[in-house]
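Quick note: the coordinates plus some simple rules give every number you see, no bench work behind them. Because the structure is a prediction, the values reported are computed rather than measured. Here Cβ is always computed from backbone atoms with ideal geometry, including for glycine, and neighbour counts include all displayed protein chains.
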Amino acid sequence: MALSFFSPTIAIPIHRITCQATTTLSPQRVSSPLPINPNPSSLSCALNCTHFQSCSGCTQEYDLHHPVVIDEAIGFFNKHGVKDFSFDSCRLWGWRCRAKLAVRGSSSKPLIGLYEEGTHNIVDIPDCKAHHPNINVAVELLKQGLFLIPHLIFLQISVIIYVLYVQMAVTTHDTSLPVPERYKNGKVQVSLVWNSRSENSANTGKLNALANFLWANGGPRRKVHLVHSVWANFQTSSNNIIFGNRWRHLLGERDFWEHIGGIDVSLAPSSFGQANTRAFDSLLRKLHKYVPQGASVVDLYAGAGVIGLSLVFSRKCRSVKCVEVNKESKQSFEKTVERLPTNVDSNISWHHADASIEPTSWLLGSDVVVVDPPRKGLDPSLVKELRHISAIELRTNSSKRPETVKDEKRPWILRAREAAIQMESTTVHEENQSLPQTLIYISCGWESFKEDCLSLLASKEWHLHKAHGFNFFPGTQSIEILAVFKRGRGASTKKKKSGKKQKKPH
């Protein structure tokens, strides 16, 4: 059931907020525009989770549709020229399709959940309201396996713990089902973080036994096909890093697909994927509107290239360069490219490189730069280049090739510029030496975004054109920002007074 809430119209500029209060898992969203101060009952948009008091995952129990930071965001963007900031509250419950959970306790009473704030005590969260419901079902199935297969987890620190963590990822891409049925019937990819160096270690038999249990009780032969696949990650480090570098596919489908931004996207368990896939899809479809047809795009902090490749399809981009420091994303990018429609005609490349090193070399030749940095925000070197982009443009225009590219001799820089994956367009285009006129900034860290934004605006090289917010993490005080910057100072907000008085009509 979808509920829509309204408050009386007010005379000041409207900032659109869409709200969804639903108790079902239908992927169809019914939303209604709201003025700045929506006032639905707090209970209607309450978390209603029994784990709230002890679990560190959620920090806001009521008004999930209106995170506390929204009022500040509206004021910030209004101050800097964006009067029509909008916020999409997205799905409020059952939104998390990717969860990393710690595994502790004992075989007789396994605990799977998050650490209590400031401790290493596990809070068991079997009925998490944020999780896609099938994640909760898969967690319960894993607990049964831990109970039936002895000596997998122990409470005593002195005894080896075999299962350290588990990652649950839901795919809702099942073309055999009608679209309205796909979300609630999502299948779960289970990745077990195993405390050993490799699959050749002495305890591998227990790993295989647990994987076989999950597949036998959640695989395709069951009435309800719950488990998409089972993977193992091998990790022996005692630090807080969850995943090791070694992955092995054990059972089920090897490839994990999701339909996002108009394309089929491959996501390996080792590559970064957005937890809220529905909200991410909404953001991408909004982002597409700000990229001109046929533009050249560079996608920095690109991950598996979901943003860049969705633009290849939706905006028929002349070229798209994706730059990512995590080499694990390469395989997912390659598989996604292979599934693009055959009529795509674009120069597409993926580079295993650090975008903070010589960022000018990545900006050169692009009309639009898209950045989706981690929570800490943009690297200082990239901010510096964006702040001085006009000076770089002058140097570029004064010679056929900029010195930074022509004279580069460092082998690791040259290697990074070589595409790890390249797909050539069948159309021959003239070499483009331009620098971006549009910057699209996707941010999951509000404080770092404000700092980067103010730095860019202070340079007078960029002005804010549009801004939108998305409720990627209902129940928290975090929001996802999509901000569009354009080159130059922008139109003055002050009206110029005319020196001549207009004559009154007779």
**Prompt:** So how much slack lies between PHE52 and ASP71, counting 0.36 nm per residue of separation and subtracting their Cα-Cα distance, in nm?
**Reply:** 4.5 nm
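In what order do SER448, SER229, SER361 fall by count of nearby beta-carbon atoms within 10 Å, going from fewest to most? Show your work: numbers first, answer last.
On the way: SER448 16, SER229 24, SER361 21.
The fewest-first ordering by Cβ neighbours comes to SER448, SER361, SER229.
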**Asked** Among rounded, prolate and oblate, which fits segment 175-279 when a ≥ b ≥ c are the square roots of the eigenvalues of its C-alpha gyration tensor, a/c under 1.5 means rounded, and a/b larger than b/c means prolate?
**Response** oblate
**Request:** Label segment 276-326 by shape, choosing from rounded, prolate and oblate, from the square roots a ≥ b ≥ c of the eigenvalues of the Cα gyration tensor; if a/c is under 1.5 it is rounded, and otherwise prolate applies when a/b is larger than b/c, oblate when it is not.
**Result:** oblate
**Item:** Whole-Hz couplings from phi, Karplus 6.51/-1.76/1.60, listed for segment 285-298; x for Gly and Pro
**Value:** 5, 6, 4, 3, 5, 9, 10, x, 4, x, 6, 9, 10, 10
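To the nearest 0.05, how large is the calculated FRET efficiency for ASN239 and THR59 if R₀ is 30 Å and r is the Cβ-Cβ distance? Working shown, then result.
Numbers: r = 25 Å, r/R0 = 0.85.
Efficiency for this residue pair is about 0.75.
Could you compute the FRET efficiency for ARG489 and HIS249, with r as their C-beta to C-beta distance and R0 at 51 Å, rounded to 0.05? Numbers along the way, then the final one.
Values: r = 53 Å, r/R0 = 1.04.
In this case the efficiency is close to 0.45.
Most exposed first by the Cβ proxy, i.e. fewest other Cβ within 10 Å, how do ARG254, ARG339 rank? Display every interim value, and only then the final one.
Numbers: ARG254 9, ARG339 13.
With the fewest neighbours first, ARG254, ARG339 line up as ARG254, ARG339.
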**Request:** Among the aspartates and glutamates, select those whose C-alpha is under 14 Å from the C-alpha of LYS289, and discard any that sit fewer than 8 residues away in the same chain.
**Result:** ASP281
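Packing-wise, with mean Cβ within 10 Å as the measure, how do 121-129, 204-212 rank, highest first? Intermediate results must be reported in sequence, preceding the final value.
Numbers: 121-129: 19.1, 204-212: 17.6.
Packing order, densest peptide first, comes out as 121-129, 204-212.
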**Residues whose placed amide H lies under 5 Å from that of GLY105, excluding near-sequence neighbours** = LEU111
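Run the numbers for SER425 and LYS316: contour at 0.36 nm per residue of separation, minus the present Cα-Cα distance, in nm. List each step's numbers first, then the result.
Numbers: separation 109, 0.36 × 109 = 39.24 nm, distance 1.13 nm.
The SER425-LYS316 span can extend by a further 38.1 nm.
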**Prompt:** Once you sort the root eigenvalues of the Cα gyration tensor of segment 302-367 as a ≥ b ≥ c, which label holds: rounded (a/c under 1.5), prolate (a/b larger than b/c) or oblate (the other case)?
**Reply:** oblate
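Which of MET423, MET168 has the fewest other C-beta atoms within 10 Å, and how do the rest follow up to the most?
On the way: MET423 18, MET168 24.
The fewest-first ordering by Cβ neighbours comes to MET423, MET168.
Over 21 Å between Cα atoms: which of LYS79/LYS460; LYS330/LYS466; LYS206/LYS330; LYS460/LYS486; LYS129/LYS187 fall into that group?
Pairs exceeding 21 Å: LYS330/LYS466; LYS206/LYS330.
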**Prompt:** Hey, what do the phi angles of segment 342-359 turn into as Karplus ³J(HN,Hα) couplings, whole Hz, using 6.51/-1.76/1.60 and θ = phi - 60°, x for Gly and Pro?
**Reply:** 5, 8, 5, 10, 8, 7, 10, 8, 10, 10, 7, 7, 8, 5, 7, 9, 6, x
